[in-house]
1. Would you check if there is a residue in segment 401-415 being over 18 Å from the mean Cα position of the chain (by Cα) and surrounded by fewer than 20 Cβ atoms within 10 Å (Cβ to Cβ)?
2. Anything in segment 386-400 that is touching a strand residue (DSSP E or B) at 6+ places or on another chain (Cβ under 8 Å) and more than 29 Å from VAL302 (Cα to Cα)? List them, or say none.
3. Out of (1) under 32 Å from the mean Cα position of the chain (by Cα); (2) among the acidic types (Asp, Glu); (3) loosely packed, with under 15 Cβ neighbours inside 10 Å, the odd one out for ASP164 is which?
4. Counting residues that are over 27 Å from THR195 (Cα atoms), which strands (runs of 3 or more DSSP E) fully inside segment 238-295 reach at least 2?
5. Any residue at all in segment 28-41 that's of a type in the set (Gly, Ala, Ser), part of a loop (DSSP other than H, G, I, E, B), modelled with pLDDT of 90 or more and farther than 14 Å from ALA144 by Cα?
6. Output yes when any residue across segment 386-398 is within 22 Å of ASN475 (Cα to Cα), open to solvent by 10 Å² or more (accessible area, probe 1.4 Å) and part of a loop (DSSP other than H, G, I, E, B), and no when none is.
7. Across segment 368-400, what is the number of residues that are over 17 Å from the mean Cα position of the chain (by Cα) and acidic (Asp, Glu)?
8. Quick one: is LEU575 within 23 Å of GLY331 (Cα to Cα), of a type in the set (A, V, I, L, M, F, W, C) and not in a helix (DSSP H, G or I)?
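The values are calculated or read from the model by the stated rules, or taken from the named source; none is laboratory data. Small disclaimer: the values here were computed from a predicted structure and weren't measured. FYI the Cβ positions are ideal-geometry reconstructions off the backbone, even for glycines, and counts take in every protein chain you see. All accessible areas refer to the heavy atoms of the entire protein, side chains included, with ligands and DNA or RNA removed. Shrake-Rupley method; radii C 1.70, N 1.55, O 1.52, S 1.80 Å.
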Amino acid sequence: LQPRDTPSRERKELGGVWSFRADLSPGRDAGFAQRWYREPLRETGPVIDMPVPSSFNDITQDPSLENYIGWVWYEKEVLLPLRWQQDSPSTRVVLRFGSAHYYSIVWVNGVQVVEHEGGHLPFEADISSIVQGSPGTLCRITVALNNTLTPHTLPPGSIQYMSDKARYPKNYFVQNTKFDFFNYAGIHRPVVLYTTPSVYIDDITVTTTSSDNVAMVQYQVSVVGSTDYSLSLRLCDREGKVVATGDGPEGELKVLNPNLWWPYLMHENPGYLYSLEVQMQARVQGALLEDVYTLPVGIRTVHVTSTQFLINGRPFYFHGVNKHEDADIRGKGLDWPLIVKDFNLLRWLGANSFRTSHYPYAEEIMDLCDTYGIVVIDECPGVGIKLPESFGNKSLQHHLAVMEELIRRDKNRPSVVMWSVANEPASELPPAAFYFKTLIAHTKALDPSRPVTFVTDANYALDHGAPYVDVICVNSYFSWYHDPGHLEVIPLQLTAQFENWYKTYQKPIIQSEYGADSVPGLHSDPPLMFTEEYQKAMLREYHSVFDKKRKEYVIGELIWNFADFMTNQGTTRVLGNKKGIFTRQRQPKAAAFVLRDRYWKIANESSCLPPVITSHSFCL
């Protein structure tokens with residue numbers, strides 16, 4: 001459960017500056033050989049200051065840290081509240097990381113407490129036995145972090161050693177990846193210490209149904225620490241009025257005349273959230289323990305037909321974006337001003353949805369999606385799965401585990417309407433059939449309430465994973481990567497793409513990526529590649545086909561990309577990928593206004609709201 005302040009729980013964020021060291025020794029090896037410090041980091045060699053949360057790559061002036069691959073170490077000493085450090089069997093102290101990229105080992109006062117593989121999901125450890133019993137003493141937290149990617153990590157990668165000693169130094173290696181964004185690393189999301197009682201609410205699962213002005217909220221509550229406890233539940237509306245009550249670890253709450261959770265621009269009151277308050281009481285050694293947790297709940301249903309995506313029984317059309325967690329200086333580090341700016345831009349744009357390309361985004365971002373009614377296709381880090389060895393059993397087992405972590409984190413979010421298990425894998429390879437059949441079945445078993453997809457760029461006739469998805473999500477870049485510069489081929493090729501996929505699978509289709517790079521301020525008439533005019537022209541060619549096919553079975557369009565973002569250096573990239581309709585600093589290009597006019601037009605056509613909003617009158 002996401003840490004929240006309640007009457008029975010406290011939390012302390014460990015942001016700010018941490019001590020930091022990277023192994024920059026010449027001739028070092030790549031890989032995951034474990035190293036750590038049992039003494040304080042500052043006593044074992046030079047350290048620098050590193051902000052948390054942030055990526056470490058762009059913080060210093062050291063070019064060797066910009067593209068660093070290998071082990072780094074973080075450390076921070078904190079003074080805990082005295083009541084946390086008292087030797088009390090009734091209190092747990094937990095250390096939680098929102099995410100750290102990629103492989104983490106954590107010690108508290110020199111004692112290893114947790115290891116975690118994966119760069120985008122939370123992990124935690126109970127550290128009560130280490131910190132309790134010594135009130136007033138500092139708590140030292142040490143993190144060893146390795147960003148090496150292998151064929152079996154998610155995302156995968158490979159280390160290539162350069163053996164030509166005439167051209168490269170000894171032990172020279174590079175990290176190869178098959179994805180087009182920078183492999184930022186560091187402690188990217190908040191580090192939190194929090195407390196619970198020793199008997200505590202560990203997990204809550206909520207699903208909802210509704211019909212004829214009645215909604216049912218099904219719940220399951222997991223309690224850890226004792227089997228002798230009682231549970232009571234209250235569901236409250238926005239005004240705090242109790243609308244339903246229940247008790248016990250599982251059951252159903254009946255809500256009359258419910259306020260449904262609706263997407264942005266689909267209803268005059270989008271993102272409506274109830275509060276489910278769960279109260280646990282247990283008696284331990286004669287003492288009464290109480291734990292309280294409040295979970296936001298949105299009442300909504302999702303259903304997929306052969307031609308439509310239905311939310312609360314009404315057709316929903318995805319008009320949105322793909323994004324990245326990416327910004328100047330902080331890289332992928334959580335940044336509240338940037339997050340709020342992005343949501344203001346999304347609403348200005350008239351976007352009702354986005355995909356978390358190509359990894360799970362921060363919980364803080366997902367909270368705002370729930371609140372604002374922004375619909376999410378929640379994608380795991382399965383990007384760049386291109387090598388045959390990345391379809392083997394070792395990779396599959398890790399992929400299954402990642403989906404378990406992702407669904408456990410986001411299963412209760414009304415904004416999440418579909419899981420995406422991969423982006424542009426080599427799904428034409430024969431092993432992809434068993435891989436995706438197993439992966440998608442596992443995902444559906446974990447969460448039967450949502451459809452599952454993956455995003456493909458394979459040929460419709462060769463894709464071994466497509467038979468198992470509920471919605472076809474296809475990426476294509478006609479007149480950019482294919483027939484570059486030839487806008488005139490888009491209508492024919494895009495129409496054929498849609499018709500071939502639908503004829504083969506009879507499933508609704510989302511254009512999950514399309515776009516063109518544009519350098520801000522670069523102009524040409526007639527349009528030439530990399531100019532703002534070319535980006536606008538490409539969008540309009542795609543849109544003309546979308547408008548025909550969305551009357552049939554196309555259920556969405558997601559532009560690539562919301563904003564420019566950093567990539568590895570290369571001859572086709574000038575300070576990153578420039579396919580954003582906004583710059584990396586969130587300033588609009590000409591294409592942003594084209595998309596804004598289109599999205600508001602679509603919203604006014606399909607919404608129940610009166611069409612009073614125009615591209616010239618709307619403000620936030």
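1. Scanning segment 401-415 turns up no residue that is over 18 Å from the mean Cα position of the chain (by Cα) and surrounded by fewer than 20 Cβ atoms within 10 Å (Cβ to Cβ).
2. LEU387
3. Unmet condition: (1).
4. 242-247, 250-256
5. Taking every residue of segment 28-41 in turn, none turns out to be of a type in the set (Gly, Ala, Ser), part of a loop (DSSP other than H, G, I, E, B), modelled with pLDDT of 90 or more and farther than 14 Å from ALA144 by Cα.
6. yes
7. 1
8. yes
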